[in-house]
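Structure, as structure tokens:
The values are calculated or read from the model by the stated rules, or taken from the named source; none is laboratory data. The structure displayed is predicted, hence computed values, not measured ones. Positions of Cβ are generated from backbone atoms using ideal geometry, with glycine treated the same way; all protein chains shown enter the neighbour counts. Calculation scope for accessible area: heavy atoms of the full protein, side chains included, ligands and nucleic acids excluded. Shrake-Rupley method; radii C 1.70, N 1.55, O 1.52, S 1.80 Å.
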4 protein chains.
Amino acid sequence: MIYVTIWNEFVHEKIHDEVKAVYPEGIHTALAEGLSGEGFAIRTATLDEPEHGLTEEVLNSTDVLIWWGHMAHDRVSDEITQKVAQRVQQGMGLVVLHSGHFSKPFKALMGTSCDLKWREVGEQEILWNVNPSHPIAHGVNASIILAHEEMYGEFFDIPEPDELVFISNFEGGEVFRSGCTFRRGEGKIFYFRPGHETYPTYYNKEILRVIANGVNWANPVHTLKPVFGNSEPIRAINKGILV
Amino acid sequence: MIYVTIWNEFVHEKIHDEVKAVYPEGIHTALAEGLSGEGFAIRTATLDEPEHGLTEEVLNSTDVLIWWGHMAHDRVSDEITQKVAQRVQQGMGLVVLHSGHFSKPFKALMGTSCDLKWREVGEQEILWNVNPSHPIAHGVNASIILAHEEMYGEFFDIPEPDELVFISNFEGGEVFRSGCTFRRGEGKIFYFRPGHETYPTYYNKEILRVIANGVNWANPVHTLKPVFGNSEPIRAINKGILV
Amino acid sequence: MIYVTIWNEFVHEKIHDEVKAVYPEGIHTALAEGLSGEGFAIRTATLDEPEHGLTEEVLNSTDVLIWWGHMAHDRVSDEITQKVAQRVQQGMGLVVLHSGHFSKPFKALMGTSCDLKWREVGEQEILWNVNPSHPIAHGVNASIILAHEEMYGEFFDIPEPDELVFISNFEGGEVFRSGCTFRRGEGKIFYFRPGHETYPTYYNKEILRVIANGVNWANPVHTLKPVFGNSEPIRAINKGILV
Amino acid sequence: MIYVTIWNEFVHEKIHDEVKAVYPEGIHTALAEGLSGEGFAIRTATLDEPEHGLTEEVLNSTDVLIWWGHMAHDRVSDEITQKVAQRVQQGMGLVVLHSGHFSKPFKALMGTSCDLKWREVGEQEILWNVNPSHPIAHGVNASIILAHEEMYGEFFDIPEPDELVFISNFEGGEVFRSGCTFRRGEGKIFYFRPGHETYPTYYNKEILRVIANGVNWANPVHTLKPVFGNSEPIRAINKGILV
């Protein structure tokens, strides 16, 4: 059983009618419903809850955290940011969606500005699978067509991804590295681009398939914890006396 | 001084008027002229010359080989293919252009089918720089727009590139990893997509800039040659007797 | 159920008493027994069988092929080599063990010489896990100590691995990239260094754990097959007429 | 001309006689002298200078910053840390030496703990070149032997390096990824392991050769600055109306 916590800042859906119309119960609820058949144990958490819903108890019992945020990144406390980043470094999986590229935890884990180009005119996006043997592409077609989405364009200021799974083509002419994996410490991170708040992207079966695959991939591997610090030698040391 | 050999199969330009109109002296000659101000020592070689113009003397005195081929891949002999691949493994740089993706030397060095999608309707291609600190992107704008090109689309069946420098957006909706680097042995390989034979792509200053950067990047680093085979220990061996 | 075929050239064990003493029924049989509790459907195949035991029927019903060869690499036919490489490109997993680094299928898939340094004096090898969140490291300690092994040393002439999982330290002073992953087409390849024929390495529980993890990781992901060739546009083409 | 600033915390050399004996004028001065024939314009800066010697004027006129720190990492201000990290993201090269793995700027740019194993008994270290075509390996032998060094051992908690150039073998049995490159934004980072303060490592000609190569490699490529934010389309948008 994979324990999944879906975090959503849950602000747009309360104050913008256009967004409320698409996600009346919030993006987190739509995602929880969309992933309900995957066999995950799912909880949700939002910005306005105490500690943003990410208490130590919640974080310590989460295998994979899904993150959606946009207009309120700066309202996430530095303390929770640090706890999330540290839990990832200690093994918790992290699936960062869309505008989460600018979230504090993602930026702390990347070490870059995570900036990009954007345009909001509802153009067509086509995601192409460029890594067909990757588990995140399991059961996914060669391309996913989204009739209307926000554009994100390169240069996307991230470290070179460990693995590139999807690249998007936008109608206006841009490209974007839309499905990227990163390892940090014992934790795995999957960034997945689609999901502007005014489009029904998170009801799309193929998009949900990719997110579910991402959760399965990011689920921690149970290795023994790395040991750091002062270490005894395994083999006798002659202090550099050569043969 | 970098010694560059430009290899072109030089068949289209002799038999297709449409191509001859664009490259009357052959693609190799257009490239040699386009790169003439770069300070390289440039030779050309073509399929119909003895040993395809790639004698041992030529290969051994070439720092970087540029390769363009398309309709006559199977007329390149296995012997020359093997010599080219081996010279790359021993340090010679290789810049593979456009339809050279299906050339015998490139396939031998990749270990994959190198297959892809394609369409020839003269649509617009936009190449985006996704690696701004890479020397192959030196002096290149964020994007290069080609009004008319052949489309190449993903999935492009290559190994994961060591570095990805350009991604193309095509008008019909596809994307392509258009600028890719690979290391094989002591040699460096740069694959660069543009250059269909019916368009004046190799007269484009930005495209020539990228090819010249690719030559400079692929130029061999003069390290001592790796030593292989049976080796004496550097340190005394106690045959696994532990501390 | 993962269908595993263990291929062994099975020559040393017939003609060298020292090897026969360690692997009386052959390395393939020892591996089959060692992996018998993993829930795999296991077959074996050897060099002297018709088509080296790798008929189309066998290859087409194999999810993951394990390969051990050493003194008889050149007796593997080019035809079978090509079939194995092609099946990997089409999705079959491949786990290459020890001296299989010089096997024809591995070299064809790498595009390099796959050469290395070596020494056979029975020194201590310590493998270190450098990728703790990788599924191939699942349940493996920070290090694996082998009291006696053949030394393989860098430079190991392979392409930059997609992922590096283990690095070995040898008593005589060398290092080696001992656990490496590569993707080729739809297929996944895991190279794992240990296993000289005169040592009981393939009875070691930790080594068997890594090989089993490698099989699970290399098991094909069932994506739809990539489509190549001439493609219709998804979006209307204005032939480069700009905004 | 490459403008190099060598930063050293310069604390050990003032208070520990053992260190003072090796580097009487400080590690920064030894490095500046060792690199004096490379054609760089070299300045030094130390912790106790105002703004740690890293004023905006200094940072803005530095092409490549070399960093050595150890016992006083926490005395580096958060403000200077952020300025250094930001300058790297904007193109400045960074060469991080030895115990600089735990420096604030390096950790901020990596997004990991950067922790490791260590032992200080003066054992032998052998660095092996695993990337012979890399410019950082230019003119360097297959291995560099240091008679006495501090041990650093895996797991080294860094992101997967973009390129791995050196791996160390330590006499006591450990391995370490000793030469690693990373790109962050427009900037390039080279981490190089050797250089404990009690050994004369920075007088070793081969070690100085690698550091000089690292500076040349990390020197910024002058591309046009990436543009971020709201962008006009290049191509007309039909809002997803398909062909």
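Please tell me if C:D17 is under 21 Å from C:T201 (Cα atoms) and either open to solvent by 30 Å² or more (accessible area, probe 1.4 Å) or at pLDDT below 95 (or both). Talk me through it step by step, then tell me what you get.
Values: under 21 Å from C:T201 (Cα atoms): yes; either open to solvent by 30 Å² or more (accessible area, probe 1.4 Å) or at pLDDT below 95 (or both): yes.
Yes: the conditions hold for C:D17.
In this structure, B:R183 does satisfy being open to solvent by 20 Å² or more (accessible area, probe 1.4 Å) and part of a strand (DSSP E or B). On the stretch given as region C:186-205, residues that are of a type in the set (S, T, Y) and either facing another protein chain (nearest Cβ under 7 Å) or open to solvent by less than 10 Å² (accessible area, probe 1.4 Å) (or both) total 3.
So which residues in region D:135-179 are under 11 Å from D:K117 (Cβ atoms) and either away from chain A (no Cβ under 14 Å) or aliphatic (A, V, I, L, M) (or both)? Correct list: D:M151, D:V175. When we screen C:E25, C:E49 for residues that are of a type outside the set (V, I, T) and surrounded by 14 or more Cβ atoms within 10 Å (Cβ to Cβ), the only hit is C:E49.
Look at region C:203-228: where a residue is over 12 Å from C:G93 (Cβ atoms) and a partner is among the hydroxyl-bearing types (S, T, Y) and modelled with pLDDT under 95, sitting 6+ places away or on another chain with Cβ atoms under 9 Å, you get C:T223/A:S133.
Looking at region C:223-237 only, could you name the residues that are surrounded by fewer than 21 Cβ atoms within 10 Å (Cβ to Cβ) and within 7 Å of another protein chain (Cβ to nearest Cβ)? Walk me through it before giving the result.
From region C:223-237, those surrounded by fewer than 21 Cβ atoms within 10 Å (Cβ to Cβ) are C:224-234, C:236-237; that's our starting set.
The answer is C:L224, C:P226, C:V227, C:F228, C:G229, C:N230, C:S231, C:P233, C:I234, C:A236, C:I237.
Going through D:H148, D:H134 one at a time, which residue ends up being open to solvent by 10 Å² or more (accessible area, probe 1.4 Å), within 27 Å of B:V227 (Cβ to Cβ) and touching an Asp or Glu at 6+ places or on another chain (Cβ under 9 Å)? Before the answer, list the steps.
Numbers: D:H134 fails: open to solvent by 10 Å² or more (accessible area, probe 1.4 Å).
Going through D:H148, D:H134 in turn, just one is open to solvent by 10 Å² or more (accessible area, probe 1.4 Å), within 27 Å of B:V227 (Cβ to Cβ) and touching an Asp or Glu at 6+ places or on another chain (Cβ under 9 Å): D:H148.
Give the residues of region A:110-125 that are buried (at least 22 other Cβ atoms within 10 Å of the Cβ) and either among the aliphatic types (A, V, I, L, M) or in contact (Cβ under 8 Å) with a residue 60 or more places away in the chain (or both), sorted by residue number. Matches in region A:110-125: A:M110, A:L116, A:E125.
Taken together, the residues in region D:28-46 that are surrounded by fewer than 16 Cβ atoms within 10 Å (Cβ to Cβ) and hydroxyl-bearing (S, T, Y) amount to 1. All told, A:V140 falls short of being at pLDDT 95 or above and open to solvent by less than 10 Å² (accessible area, probe 1.4 Å). Among the residues of region C:50-91, those identified as of a type in the set (S, T, N, Q), without any contact (Cβ under 8 Å) to a residue 60 or more places away in the chain and either farther than 26 Å from B:D157 by Cβ or assigned to a helix (DSSP H, G or I) (or both) are C:N60, C:T81, C:Q82, C:Q86. Consider region B:73-95 and keep the residues that are touching a Ser or Thr at 6+ places or on another chain (Cβ under 8 Å) and within 13 Å of another protein chain (Cβ to nearest Cβ). The one that is nearest to C:G185 (Cα to Cα) is B:Q89. Taking region A:34-49 as the range and being in a helix (DSSP H, G or I) and more than 17 Å from A:Y199 (Cβ to Cβ) as the test, the residues that pass are A:S36, A:G37, A:E38. For the condition closer than 24 Å to B:G26 by Cα, open to solvent by less than 10 Å² (accessible area, probe 1.4 Å) and either touching a residue at least 12 places away in the same chain (Cβ under 8 Å) or assigned to a helix (DSSP H, G or I) (or both), B:S168 does not qualify.
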